[in-house]
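Working notes, beginning with the structure itself.
The values are calculated or read from the model by the stated rules, or taken from the named source; none is laboratory data. Everything quoted here is computed from the prediction, not taken from an experiment. Backbone-built Cβ (ideal geometry, glycine too); neighbour counts: all protein chains shown. Each accessible area value is taken on the protein alone, full model and side chains, heavy atoms only, with ligands, DNA and RNA left out. Shrake-Rupley method; radii C 1.70, N 1.55, O 1.52, S 1.80 Å.
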Amino acid sequence: MLRIADLRAGYGAAEVLHGVSLSVAPGEILCLMGRNGAGKTTLLRAAMGLLAPMGGAVWLGETRLDTLPAHRVPGAGLGYVPQGRRLFAGLSVAENLDVGLMAGQGGAALREEVLDFFPRLRDRLRQRAETLSGGEQQMLALARALCLGPRALLLDEPTEGLQPSMIAAIRDVVARKRTEGVAVLLVEQRLDAVLSVADRVAFLENGRLAEEMTAEALRAERTRAHRYLGV
Amino acid sequence: MEFGPHLMLATLEGAVTAAVLALTAAGLSLVFGVMRVVNIAHGEFFMLGAVLAWWVTQAVAGPWGFALALVIAPLLVGALAVVADVTILKRLSYDPERTIVATIGLLYILQQLTLMTYGPDARPVVAPFNTRIALPWLERGADGWALIWPWGLGTTTYKLAVIGAAAAVLCALWLFLARTRAGLVMRATQADREMATAFGVPVERVYALTFGLGAALAALAAVLIVPIQQAHYLMGADPLLLSFIVVIIGGLGSLPGTLVAAVLIGLSDGIISVFFSPTLAKILATLLVALVLVFRPQGLFGARGR
Ligand SMILES: Nc1ncnc2c1ncn2[C@@H]1O[C@H](COP(=O)(O)OP(=O)(O)OP(=O)(O)O)[C@@H](O)[C@H]1O
Ligand SMILES: [Mg+2]
């Protein structure tokens, strides 16, 4: 479904990703792990077209994304939850969701469906996004991405700095989307969280894919992860 | 004239200034807010609006000519701004510093082109209607309160219409930004350009339209004021300066702040000019800007940070 082939990207002349290939099947969660600065966020931004790739290709189903203008990528069915939430400050919760809805084909029905996942947001539709609590903001960032009815989701540390109950709520939503056949590429730093949701795990090291394995295999040999995470 | 009626007269004159200033500054503020571009050529878009109004009213005489100017001038100036955006600002990637230099260049180009075609003269445009209205004043006479009609206390229907039209356009602008999809897209782009792109917003098209809309607002303001002020190729300097003052005091990118600051500056300019001198009015406005910059750099209504 989502296929990234030999992707190279960077900032200015400096290449940060030196040819990364991975693919995520429908209904699969691939967790991407790696140290700070390994290039995880860069990979997601390049896949979204927010960073002009220096080489390689990104496919979503039969659609080649990296040759599209960046603003056409979400319409092809790729939803993005960026690191640090990046909500539209000054816009209300409802308006943040509306921007997501505009990018996809779903109408009011999809909006209701998304809000059913997040009752806390339904109670705060008129509130400005930047006045939400950290956990609520993260929910809104996920809800906004779901509003475009994505076939694949890119999630960049969606549970960073949240308390366990919030983490569980977000994990449940992601798990639900998996059963609906959405392909999920999840950047996550904590091994426990990864093991509880992932189907497969990929380790990124200095802009290269160091190793890929099933969650099963990683569970059996947790110390393998320590090498790439430096813990 | 006594103090009371005199003050009322000054307030009315100030309200006309404030109305036109609010429109002009709203355009500048919108462009800065959404695009982070400081448009030094904003005053020239204003000037072009006035000059185009003169051309149109020469071609079509009477009130219909003026009505036509109200439509044509903002449209043409807006279109010109869109072209300037696509050919100049976009190529500079909307870099904040380089666009300042580029719009300074645009300022001189527009000014010289106007001088070469329209000439150095100030030319009047006739107001579509201009009936004088005498205004009453309440005074305590020998037999209680009575309405009197002090000599010289009055205004014209046209001036009242300018205030009304500016208020209506600003309401429409607010509704557009707050209630329409296009307005939502503009506000989302203002909040986070990259995330807007990640949600399907064609940011460059939004920028072009924003720049056009900002210029059209300045042109519209100029058409409204030109029957009172005359059209001249150097007339853009004052509106530019005053708009910057208003936008800094109100908070860059904040529409309510822009409105409040425009009323504040417009009214005080009118009142101080009448009672003291126009120079003192400008000195005080500049002083206010300095105070705002020192004590509240984000402006009265602006959000901190970024
Ligand atoms: N805008 C930028 N300009 C220049 N270099 C950047 C930029 N953003 C990231 N980098 C560099 O690219 C490299 C990869 O950064 P990236 O944000 O992708 O790491 P990450 O794996 O997401 O890290 P973290 O776990 O801290 O989020 C880093 O060396 C970083 O300094
Ligand atoms: Mg990151």
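Report, by residue number, each residue of the range B:25-83 that is surrounded by fewer than 22 Cβ atoms within 10 Å (Cβ to Cβ), among the aliphatic types (A, V, I, L, M) and within 23 Å of residue B:192 (Cα to Cα). Scanning the range B:25-83 gives B:38, B:82. Residues in the range A:35-64 that are more than 16 Å from ligand 1 (Cβ to nearest atom), outside any strand (DSSP E or B) and open to solvent by less than 40 Å² (accessible area, probe 1.4 Å): A:61 only. Sort out which residues of the range A:4-34 are over 18 Å from residue A:54 (Cβ atoms) and part of a strand (DSSP E or B), and write them in order of number. Passing the criteria: A:23, A:24, A:29, A:30, A:31, A:32, A:33.
The set of residues in the range A:152-161 being among the aliphatic types (A, V, I, L, M) and within 16 Å of ligand 1 (Cβ to nearest atom) consists of A:154, A:155. Within the range A:159-181, not a single residue is outside any loop (DSSP other than H, G, I, E, B) and within 16 Å of ligand 2 (Cβ to nearest atom).
Okay, residues lined up against (1) more than 16 Å from ligand 1 (Cβ to nearest atom); (2) touching a residue at least 24 places away in the same chain (Cβ under 8 Å); (3) surrounded by 17 or more Cβ atoms within 10 Å (Cβ to Cβ); (4) among the small types (Gly, Ala, Ser):
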position	(1), (2), (3), (4)
A:139	yes, yes, yes, no
A:146	yes, yes, yes, no
A:150	yes, yes, yes, no
A:167	yes, yes, yes, no
A:176	yes, yes, no, no
A:181	yes, yes, no, yes
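The residues of the range A:194-231 that are of a type in the set (A, V, I, L, M), in contact with a helix residue (DSSP H, G or I) (Cβ under 7 Å, 6 or more places away or on another chain) and part of a helix (DSSP H, G or I), listed by number, are A:195, A:197, A:215, A:218, A:225.
Residue A:11 satisfies every condition listed in (1) within 16 Å of ligand 1 (Cβ to nearest atom); (2) touching a strand residue (DSSP E or B) at 6+ places or on another chain (Cβ under 7 Å) except (2). Within the range A:183-202, being open to solvent by less than 30 Å² (accessible area, probe 1.4 Å) and away from ligand 2 (no atom under 16 Å from the Cβ) holds for A:183, A:184, A:191, A:195, A:197, A:198, A:201.
Of all residues in the range B:34-61, those satisfying the criterion of being in contact with a Leu (Cβ under 7 Å, 6 or more places away or on another chain) and either closer than 12 Å to residue B:216 by Cβ or in a helix (DSSP H, G or I) (or both) are B:42, B:43, B:44, B:48, B:49, B:52, B:56.
Annotation for the range B:212-231: at least one member residue is within 24 Å of residue B:73 (Cβ to Cβ), surrounded by fewer than 18 Cβ atoms within 10 Å (Cβ to Cβ), touching a Pro at 6+ places or on another chain (Cβ under 7 Å) and not aromatic (Phe, Trp, Tyr). Of all residues in the range A:206-228, those satisfying the criterion of being within 16 Å of ligand 1 (Cβ to nearest atom) and surrounded by 17 or more Cβ atoms within 10 Å (Cβ to Cβ) are A:207, A:209, A:225, A:228. Note on the range B:176-202: residues that are within 7 Å of chain A (Cβ to nearest Cβ) and among the aliphatic types (A, V, I, L, M) amount to 6. Flag not set for residue B:236, criterion: in contact with a helix residue (DSSP H, G or I) (Cβ under 8 Å, 6 or more places away or on another chain), buried (at least 21 other Cβ atoms within 10 Å of the Cβ) and within 14 Å of another protein chain (Cβ to nearest Cβ).
Applying the criterion of being of a type in the set (S, T, N, Q) and either touching a residue at least 24 places away in the same chain (Cβ under 8 Å) or within 14 Å of chain B (Cβ to nearest Cβ) (or both) to the residues of the range A:21-64, the residue that is nearest to residue A:181 (Cα to Cα) is A:21.
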